[in-house]
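Trainee: If you scroll down you'll find the structure; I have some questions about it.
Rule-based calculations on the coordinates, nothing more; no lab input. Everything numeric in this text was worked out from a predicted model, so none of it was measured. Backbone-built Cβ (ideal geometry, glycine too); neighbour counts: all protein chains shown.
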Amino acid sequence: MLIDETILQGCIEGKRNAQYELYRKFASTMLGVCLRYAQSREEAEDILQEGFLKVFQKIASFRQEGSLEGWIKRIMINHALNRFRKNRKQPFYEDIEEINETEIIDTNETAAISETYPTEVLLSMIQSLPQGYRVVFNMYVFEDFSHKDIAESLNISENTSKTQLMKARRLLQKKLEEFKQKQRLTIIDGK
């Protein structure tokens, strides 16, 4: 495989083999990012393909101040968010006065959940969340956006961001409990 500098320079020059190598190197990782924002694998693959088109169009603007992977990831996330904003039928507004941040998400709990449940199950549960919940959950939990940044990015209030996250968390907890119950029944029934 070509070294990163060669791949980068080839992509800047529009060389197809370099673009292919870049795609091959990062596609599976970026598909994982896209899957968190999409409702289906097909939608995630569309986001991935469109995102890589943007990567190839903007590769000359990569300043090499951070990692190439991080730069590509940011493009994928921004593309997924733009697609979300474009396809959002109605704005979601739900204000509450105050929410305790620890009620929204406990980082230790998230780590324990990811160790306890298969990745495919968690991804499927995240994909099944209503669109607004899913986007806010991903931005807050996986991308480390603050509620202020989420609010600005999605053109919603910070309280709406907090509410969406709280509801996403509650719905995921319910889905995890249902999954756990099914697992218990499967063990008891021997199926």
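Trainee: Could you give me the ³J(HN,Hα) list for region 61-71, computed from phi with Karplus coefficients 6.51, -1.76, 1.60 and θ = phi - 60°, whole Hz, x at Gly and Pro?
Mentor: Using θ = phi - 60°, the values come out as 8, 5, 8, 6, 8, x, 7, 5, 4, x, 5 Hz.
Trainee: Mind giving me the FRET efficiency for residue 74 and residue 183? R0 is 25 Å, r the Cβ-Cβ distance, nearest 0.05 is fine.
Mentor: 0.10
Trainee: Give the shape of region 1-87 as rounded, prolate or oblate, defined through the alpha-carbon gyration tensor: a ≥ b ≥ c are the square roots of its eigenvalues, a/c under 1.5 means rounded, and otherwise the shape is prolate if a/b is larger than b/c and oblate if not.
Mentor: prolate
Trainee: Moving on to the next point. Show me, for region 171-182, the HN-Hα J-couplings you get by feeding each phi into the Karplus relation (A = 6.51, B = -1.76, C = 1.60, θ = phi - 60°), rounded to Hz, glycine and proline as x.
Mentor: 5, 5, 4, 4, 5, 5, 5, 4, 5, 4, 5, 4
Trainee: Between residue 39 and residue 61, what is the spin-label point distance in nm, taking each point 7 Å from the Cα along the Cα→C-beta axis?
Mentor: Once both label points are built, they end up 3.0 nm from each other.
Trainee: ³J(HN,Hα) across region 126-139 via Karplus (A = 6.51, B = -1.76, C = 1.60, θ = phi - 60°), whole Hz, x for Gly/Pro?
Mentor: Using θ = phi - 60°, the values come out as 5, 5, 7, 5, x, 3, x, 4, 4, 5, 5, 4, 4, 4 Hz.
Trainee: What pairs from 25/182; 25/58; 54/175; 148/180 go past 29 Å between their alpha carbons?
Mentor: 25/182; 54/175; 148/180
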